[in-house]
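This report refers to the structure that appears directly beneath it.
The values are calculated or read from the model by the stated rules, or taken from the named source; none is laboratory data. This structure is a prediction, so every number in the text was calculated from the model and none was measured. Cβ placement follows ideal geometry from the backbone for every residue including glycine, while neighbour counts extend to all protein chains displayed. The protein model used for the area step is the full one, side chains on, heavy atoms only, and it has no ligands, DNA or RNA in it. Shrake-Rupley method; radii C 1.70, N 1.55, O 1.52, S 1.80 Å.
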Amino acid sequence: MFDRDVYVARRRTLMEKMSAGAGDNGIIVFLGNAEAPQNYRGNDYKFRQESSFLYYWGIDEPGFAAILDLDSGDECLFGDDVDIDDIIWMGPQESVASKAARVGANVSAPAADFDKAVLKARARGAKIHFLPTSRYYNTLKLSQLLGVTPEAVRKVESADRPLEDGIVYHASLELVKAVISMRLVKEQCEIDEIDKACEIGWLMHTEARNACRPGVPEQEIVGRMEGVTISKGWGVSFATILSQHGETLHNHRHDGIITPGNLLVIDAGAESNTHYASDFTRTLPCGGKFTPKQKDVYDIVADCNELAFRLAKPGVAYRDVHLAVAARMLDGLKGLGLVTGAVEDMVAEGIAGLFMPHGLGHNMGIDVHDMEDLGEDLVGYDDDQKRSPQLGLGSLRMARRLVPGHVITDEPGIYFVPALISKWKAEGTDKGMVNYQKLQSEYLDFGGIRLEDDLLITADGCRRLGSRRLPITSEDVEAAMLA
Ligand code: GLY
Ligand code: MN
């Protein structure tokens, strides 16, 4: 938890952004997460707090909720004090009032009063602002309290919308936009935490690289990496992606055995103890050295990663960085004889999407894909940047013009996906710009390569997060594997 003043200032800023003036501005409702049973009640998944609750209220425990009253300015934290039965099983616990004081909330109340407060606001027809929920438990809770369907609870619309459909409450567009505007730009205390998460990420990838030797099960490498995250922080920031079939972008199967000649894609990160994320990808040659063909493709991806780092700075739209990377990638692939034509024409036709069917990067913070549940278009796009329908660019999660304090990933990749290559060929998507003959005779069993760093946009450019960088050039990776 940060200092009390951090949470007080965040809630004050949020209230200012949400208060349109005198009158009935309504309330903002925050739902923390509840325990989630894994296989029976009492045997729960490891608890993870709801990210915006954590951001505004700091309390990293189940069963809390909060209300900000935009008219009275009251900030009430709801939760239950423990009774003797709880104390027997959990030991003595700090009171809710004391927890509220630690994050600067001026009022606290039992959990059941939360329901009463929401029902009271509903009865007087007040605006009730809330964020779209990520957990079904909270979706159902709001759905019941507000008398709307679970689908309505997850839909984001203006709290000022006309009531033509008879549905009164949706998640609030005004609140979503206000929260995004705050969480997108990281404070120094958050950057410090992300740096810590990146250090854990460095340690986990170093462990993986040292473990990646012929004959070792992939599962063992995953276990060793994930052990690092628990020993140094909260745990993984997402399910580890580790596979010798890196052409499958999010491959969570770890049933292979490390085999010389293969490439191992490892996309993995950690959460610091305060839940800030890191997210790194490296691709290793399983036998310790890249083949000449692997090295050719690897060096293009490494160049693309470096190019994004050099271009990312305030005022530049990350969409344009994605497009510059696409151009560099196509130029490299042209050098290998896999595509033909003018690079500008290939970029315009979206040919890079055949090789990189994902975006260059995403925002990162308390969520590894930061705030994705608030709506990818609202987080990564704005009036200035609209989403493209093209494969690859269309999957770009962060297109905005960069400002200091943005934390984004830089993760280009080149993949050879046999099914996608066949589809493009059958449908003529490439407009004659792809050399299918070479691709299909030489690259169908290549796999994929992705290289990812985490960037902080600074006043005049960007810096890579974390105090040390994982080896990334093909020469440095080979040297590190032999060490
Ligand atoms: N690290 C997984 C992703 O960015 O999608
Ligand atoms: Mn990522």
Exercise for the section: For region 14-109, please list each of the strands (runs of 3 or more DSSP E) lying entirely inside it that holds at least 1 residues being among the acidic types (Asp, Glu). Expected result: 65-69, 75-78
Fill in the blank from the handout: Picking from LEU396, LEU378, the residue that is more than 16 Å from ligand 1 (Cβ to nearest atom) and among the aliphatic types (A, V, I, L, M) would be LEU378
Completion exercise
Counting only helices (runs of 4 or more DSSP H) wholly inside region 404-483, the ones holding at least 3 residues that are of a type in the set (D, E, K, R) are 418-427, 474-482
Exercise for the section: For ARG102, indicate whether it is open to solvent by 60 Å² or more (accessible area, probe 1.4 Å) and in contact with a strand residue (DSSP E or B) (Cβ under 7 Å, 6 or more places away or on another chain). Expected result: no
Problem - Residues (surrounded by fewer than 18 Cβ atoms within 10 Å (Cβ to Cβ) and basic (Lys, Arg)) located in region 379-402 - result: LYS386, ARG387, ARG401
Problem - Where LEU131 falls short, out of the listed (1) surrounded by 12 or more Cβ atoms within 10 Å (Cβ to Cβ); (2) farther than 23 Å from ALA20 by Cα - result: (2)
Practice task
Could you identify the single residue in ARG48, ARG124 that is crowded, with 16+ Cβ neighbours inside 10 Å and charged (D, E, K, R)?
Solution key: ARG48
Practice task
Tell me, please, whether a residue that is surrounded by 19 or more Cβ atoms within 10 Å (Cβ to Cβ) and within 20 Å of PRO260 (Cβ to Cβ) can be found in region 424-441.
Solution key: no
Exercise for the section: Kindly indicate which of ARG183, ARG209, ARG213 is modelled with pLDDT of 95 or more and farther than 30 Å from GLY288 by Cβ. Expected result: ARG183
Exercise for the section: Give, as residue ranges, the strands (runs of 3 or more DSSP E) completely inside region 222-302 that count at least 1 residues that are without any contact (Cβ under 8 Å) to a residue 40 or more places away in the chain. Expected result: 241-243
Problem - Subset of region 435-454 [under 25 Å from SER243 (Cβ atoms), in contact with a strand residue (DSSP E or B) (Cβ under 7 Å, 6 or more places away or on another chain) and not acidic (Asp, Glu)] - result: GLY447, GLY448, ILE449, ARG450, LEU451
Fill in the blank from the handout: Checked region 337-355 for anything in a loop (DSSP other than H, G, I, E, B) and in contact with a Leu (Cβ under 9 Å, 6 or more places away or on another chain); matches are LEU338, GLY341, GLY350, ILE351
Problem - So LEU175, is it in a helix (DSSP H, G or I) and within 17 Å of GLU372 (Cβ to Cβ) - result: yes
Handout entry: Unique match (being of a type outside the set (S, T, N, Q) and under 24 Å from SER143 (Cα atoms)) among GLY73, GLY79
Key = GLY79
Fill in the blank from the handout: If we ask which residues in region 230-263 are within 18 Å of LEU470 (Cα to Cα) and open to solvent by less than 10 Å² (accessible area, probe 1.4 Å), their number turns out to be 4
Handout entry: Residue in region 264-290 that is farthest from ligand 2 (Cβ to nearest atom), counting only those that are surrounded by 24 or more Cβ atoms within 10 Å (Cβ to Cβ) and of a type in the set (Phe, Trp, Tyr)
Key = TYR276
